[in-house]
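**Student:** Below is one structure. I have some questions about it.
Every number in this text was worked out from the coordinates using simple rules, so none of it is lab data. Everything numeric in this text was worked out from a predicted model, so none of it was measured. Neighbour counts run over all protein chains shown; Cβ positions are idealised from the backbone, glycine included.
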Amino acid sequence: MKKKYGNTFSYEESLDQEKEIARIFTGSHGHDLKTLLLLYRGHYPALAGSVIFFVIKHSPTWVIPVVTANLINAVTGNDPHLARTITINTVLMILFLLQNIPTNYVHTWLYAKSVRDVERRLREALVVKLQMLSISFHKETQSGRLQSKIMRDVEQIQTLSSQIFLTVLTTMLNIIVSFGVVLTRSSVIFLFYILTMPVAVFLVVVFKGKIKDYNRSFRREMEETSAKVMEMVEMVPVVRAHALEKQETKKMGVQLDQIAKKGLKLDMVQTYFSSISWVAFQVF
């Protein structure tokens, strides 16, 4: 169920939305990509339009090298119509650059509207679910954990959407255009592009498990820290009354040190993957 910005749903409508999202998570059987796609159900036309405008706004990336090559060839090749060639190519390049402003705005608006709506629906569904859970559950569960679920976990879904929709889309378009240009110019160079594919797959297979494990460990540590911070804030009057500030500070220091170590491991494995990938592709 999708609602427009500025509208207020009744509790019954919010409850239906919560059930729909629950069915999405249970029906996807742990498949992350399938779950993500189902969450955007109803937003497919907007996302398709965003992709179209993304291709248009990204076109200068592919046009500028061609225009630059034309200018170099005209200058170094003693083109009899040099002034005309330079003028046409320069105007063409400027037009492609200028169109980036309106097309990027439309692309971002269509994409961001869909992402923010899914983000809002997830948080609303979690709020509804929390209202339905038993009092004993709330007593046994730290409030910081629940806050982390509503804020940080949903934020991670938004981050994943951005990575898939922007980073992966950009990479795919660049690969397709590069393959097309190289294939029309040189079949020998195209073979080097083909050889990079199994290397890329191999690197993904090698690092996928480690990145996923470190990311899961870091997320759990963040959830634990959020819960302990909330607990610390709630217990400040008691701690001050019993003069236990040093002990509480030491306990939180250990927890913060733990999350820093987990975050560092995640950062290092990600940068290790990026550097190895870059070196491998540069070698080809």
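**Student:** Over the stretch 169-236, what per residue volume does the convex hull of the Cα atoms give, in whole Å³? Mind dumping the intermediate values first?
**Tutor:** On the way: hull volume 6.2 nm³, N = 68.
Output value, Cα hull per residue: 91 Å³.
**Student:** Based only on the alpha carbon positions, what is the Kirkwood hydrodynamic radius of the stretch 26-118, in angstrom?
**Tutor:** When all Cα pairs of the stretch 26-118 are included, the Kirkwood radius is 16.1 Å.
**Student:** Now a separate question. At q = 0.07, 0.10, 0.14 Å⁻¹, work out log10 I(q)/I(0) for the chain with the Debye formula, treating every Cα as an identical point scatterer and leaving solvent out; two decimals please.
**Tutor:** Log-scaled intensity ratios, in q order: -0.44, -0.81, -1.23.
**Student:** Here is a follow-up. Would you kindly state how much longer the chain becomes between Gln258 and Thr167 on full extension, computed as 0.36 nm times their sequence separation minus their alpha carbon distance, in nm to one decimal?
**Tutor:** Full extension from Gln258 to Thr167 adds 29.7 nm.
**Student:** Under a plain spin-label model, where a point goes 7 Å from the Cα along Cα-to-Cβ, how far apart in nm are Phe202 and Thr90?
**Tutor:** Simple spin-label model gives 4.8 nm for this pair.
**Student:** Another question about this same structure. Under a 10 Å cutoff between Cα atoms, tell me which one of Ser50, Ser274, Ser217 has the largest fluctuation in the Gaussian network model of the chain.
**Tutor:** Ser274
**Student:** Continuing with this model, one more query. What nm distance separates the two modelled labels at Thr68 and Val269, each placed 7 Å from Cα along Cα→Cβ?
**Tutor:** Spacing of the two 7 Å Cα→Cβ label points: 3.7 nm.
**Student:** Determine the relative contact order of the stretch 175-284: mean sequence separation of Cα pairs under 8 Å and six or more apart, normalised by residue count, in whole percent.
**Tutor:** Values: 41 pairs, mean separation 44.4, N = 110.
The normalised contact order for the stretch 175-284 reaches 40 percent.
**Student:** How large is the dipole of the chain about the Cα centre if only Lys and Arg carry +1 and Asp and Glu carry -1, each at its Cβ, rounded to the nearest 20 debye?
**Tutor:** On the way: 34 positive and 23 negative charges, 39 e Å.
Using Cβ point charges on Lys, Arg, Asp and Glu, the chain gives about 180 debye.
**Student:** Next question. Taking 20 Å as the cut-off for C-alpha to C-alpha distance, list the pairs among Lys208/Lys265; Lys210/Lys261; Lys57/Lys113; Lys34/Lys212; Lys34/Lys265; Lys228/Lys250 that go past it. Mind showing how you got there, number by number?
**Tutor:** Details: Lys208/Lys265 14 Å; Lys210/Lys261 15 Å; Lys57/Lys113 18 Å; Lys34/Lys212 17 Å; Lys34/Lys265 28 Å; Lys228/Lys250 13 Å.
In this structure, Lys34/Lys265 lie more than 20 Å apart at Cα.
**Student:** Let me ask something else. Report, in order of residue number, the helices in the chain meeting two criteria: a C-alpha extent of 27 Å or more along the helix axis, and a mean Kyte-Doolittle hydropathy of at least -1.0; treat each whole DSSP H run as one helix. All intermediate terms of the calculation are to be shown ahead of the outcome.
**Tutor:** Values: long enough: 100-132 (47 Å, -0.34); 187-234 (67 Å, 0.45); 245-283 (56 Å, -0.29).
Helices meeting the span and hydropathy rule in the chain are 100-132, 187-234, 245-283.
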